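What follows is a set of notes on a single structure, which appears directly below.
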Amino acid sequence: MSSSLERNSEARSRKLSKKAAIVGIDLSIKRASSICLYSWGAKRIIITKAYSEDEIASSALSVATKGSILVVMDSPLSEERKKRYRDLDRLASMLGCRLLPISMHPMAFLAERGMRISKFIKEALPDATIVETHPSCAAKVLGFKGTYEMVKALLGIDARGDDADAVACCLAGIFLLMGLGIEISSEDNKDIFILPTRLGPNDRERLFYRF
């Protein structure tokens, strides 16, 4: 499977309502997964946790706005068997993201879990958009040392560990809808990896307007 690098996220943004609900998921294998829920109407975020795959999917669907939802997950959402890295991973490395090889057993298991959750969401809401990101890489792209610093600086929220990563995933989605994101997509456009690209003074004001 070949992939392409799209430096302008306007095409993706046009397919999603600017008032779409956004969900950031820091997916875990054994411990509870952290989930960040953002609803345009409420203009606030909620951080929650869930263990089972159906609970994670249900949490994501709970904030869907008129059928419009963007789910941003810190997990591979596809596999390429007999390959150490997916083509998507190789392109992500061009943006400075060091992703673990899909051939590692824990990553393969994580990918399988992510794909099942995506299937649950898509079955309930076929128009849902589900993408991948790497929260630590997203933070570094914006000039922060990590997701804790990013979330604290941008939102004033004292979230740590998995919770900070989930919020960072959510922020990556918000940046995408603001036209401040970059996306990598597979040739069939089924696998998508996103990152924020910049944060200028005016962009910061636009971000705060959402909360």
Please determine, by comparing only the residues of the stretch 44-65 that are over 17 Å from LYS119 (Cα atoms) and among the polar types (S, T, N, Q), which one is farthest from the chain's Cα centre (by Cα).
THR65
Exactly one of (1) within 19 Å of ILE69 (Cβ to Cβ); (2) modelled with pLDDT under 85; (3) in a loop (DSSP other than H, G, I, E, B) is unmet by LEU199. Its number?
(1)
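Hey, could you check the stretch 35-45 for residues that are out of contact with any helix residue (DSSP H, G or I) (no Cβ under 6 Å at 6 or more places or on another chain) and surrounded by 15 or more Cβ atoms within 10 Å (Cβ to Cβ) and say which is modelled with the lowest pLDDT?
At the first step, the residues of the stretch 35-45 found to be out of contact with any helix residue (DSSP H, G or I) (no Cβ under 6 Å at 6 or more places or on another chain) are 37, 39-45.
With surrounded by 15 or more Cβ atoms within 10 Å (Cβ to Cβ) added as a condition, the list becomes 37, 39-40, 45.
Details: LEU37: 95, SER39: 81, TRP40: 71, ILE45: 89.
Residue satisfying both the conditions and the ranking: TRP40.
Are any of the residues in the stretch 62-72 modelled with pLDDT of 95 or more and either buried (at least 21 other Cβ atoms within 10 Å of the Cβ) or of a type in the set (Lys, Arg) (or both)?
Just the residues of the stretch 62-72 that are modelled with pLDDT of 95 or more, to begin with: 71-72.
When the remaining residues are screened for being either buried (at least 21 other Cβ atoms within 10 Å of the Cβ) or of a type in the set (Lys, Arg) (or both), the result is 71-72.
The answer is yes; a qualifying residue exists.
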Failed condition for THR129, given (1) touching a helix residue (DSSP H, G or I) at 6+ places or on another chain (Cβ under 6 Å); (2) buried (at least 19 other Cβ atoms within 10 Å of the Cβ); (3) not hydrophobic (A, V, I, L, M, F, W, C), with all others met?
(1)
What do you reckon, is ALA111 crowded, with 23+ Cβ neighbours inside 10 Å, over 16 Å from ALA20 (Cβ atoms) and at pLDDT 85 or above?
no
Against the definition (small (Gly, Ala, Ser), at negative phi and surrounded by fewer than 17 Cβ atoms within 10 Å (Cβ to Cβ)), how does ALA32 come out, yes or no?
yes
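From the list SER28, SER17, which residue is within 14 Å of ASP162 (Cα to Cα), polar (S, T, N, Q) and either modelled with pLDDT of 90 or more or part of a loop (DSSP other than H, G, I, E, B) (or both)? Quick ask: steps written out before the conclusion?
Numbers: SER17 fails: within 14 Å of ASP162 (Cα to Cα).
Only one candidate passes the filter, namely SER28.
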Odd one out for GLU132, checked against (1) free of Cβ contacts under 8 Å to residues at least 60 places away in the same chain; (2) under 14 Å from ILE184 (Cα atoms); (3) of a type outside the set (Lys, Arg)
(1)
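To keep it simple, each residue is scored yes or no on (1) at pLDDT 90 or above; (2) acidic (Asp, Glu); (3) buried (at least 18 other Cβ atoms within 10 Å of the Cβ); (4) within 13 Å of PRO135 (Cα to Cα).
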| residue | (1), (2), (3), (4) |
| --- | --- |
| ASP165 | yes, yes, yes, yes |
| ALA172 | yes, no, yes, yes |
| LEU180 | no, no, yes, no |
| ASP188 | no, yes, no, no |
| ILE194 | yes, no, yes, yes |
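Output yes when any residue across the stretch 151-161 is basic (Lys, Arg) and either in contact (Cβ under 8 Å) with a residue 24 or more places away in the chain or crowded, with 20+ Cβ neighbours inside 10 Å (or both), and no when none is. Reasoning before the result, please.
At the first step, the residues of the stretch 151-161 found to be basic (Lys, Arg) are 152, 160.
Narrowing further to those that are either in contact (Cβ under 8 Å) with a residue 24 or more places away in the chain or crowded, with 20+ Cβ neighbours inside 10 Å (or both): none.
Scanning the stretch 151-161, I find no residue that is basic (Lys, Arg) and either in contact (Cβ under 8 Å) with a residue 24 or more places away in the chain or crowded, with 20+ Cβ neighbours inside 10 Å (or both), so the answer is no.
Sort through ILE22, ILE56 and tell me the only one that's at pLDDT 80 or above, surrounded by 13 or more Cβ atoms within 10 Å (Cβ to Cβ) and touching a Phe, Trp or Tyr at 6+ places or on another chain (Cβ under 6 Å). Outline the logic, then answer.
Values: ILE56 fails: touching a Phe, Trp or Tyr at 6+ places or on another chain (Cβ under 6 Å).
Exactly one of ILE22, ILE56 is at pLDDT 80 or above, surrounded by 13 or more Cβ atoms within 10 Å (Cβ to Cβ) and touching a Phe, Trp or Tyr at 6+ places or on another chain (Cβ under 6 Å), namely ILE22.
The values are calculated or read from the model by the stated rules, or taken from the named source; none is laboratory data. Here the structure is a predicted model, which means the values were calculated and not measured. All Cβ positions, even for glycine, are placed from backbone atoms using ideal geometry, and neighbour counts span all protein chains on display.
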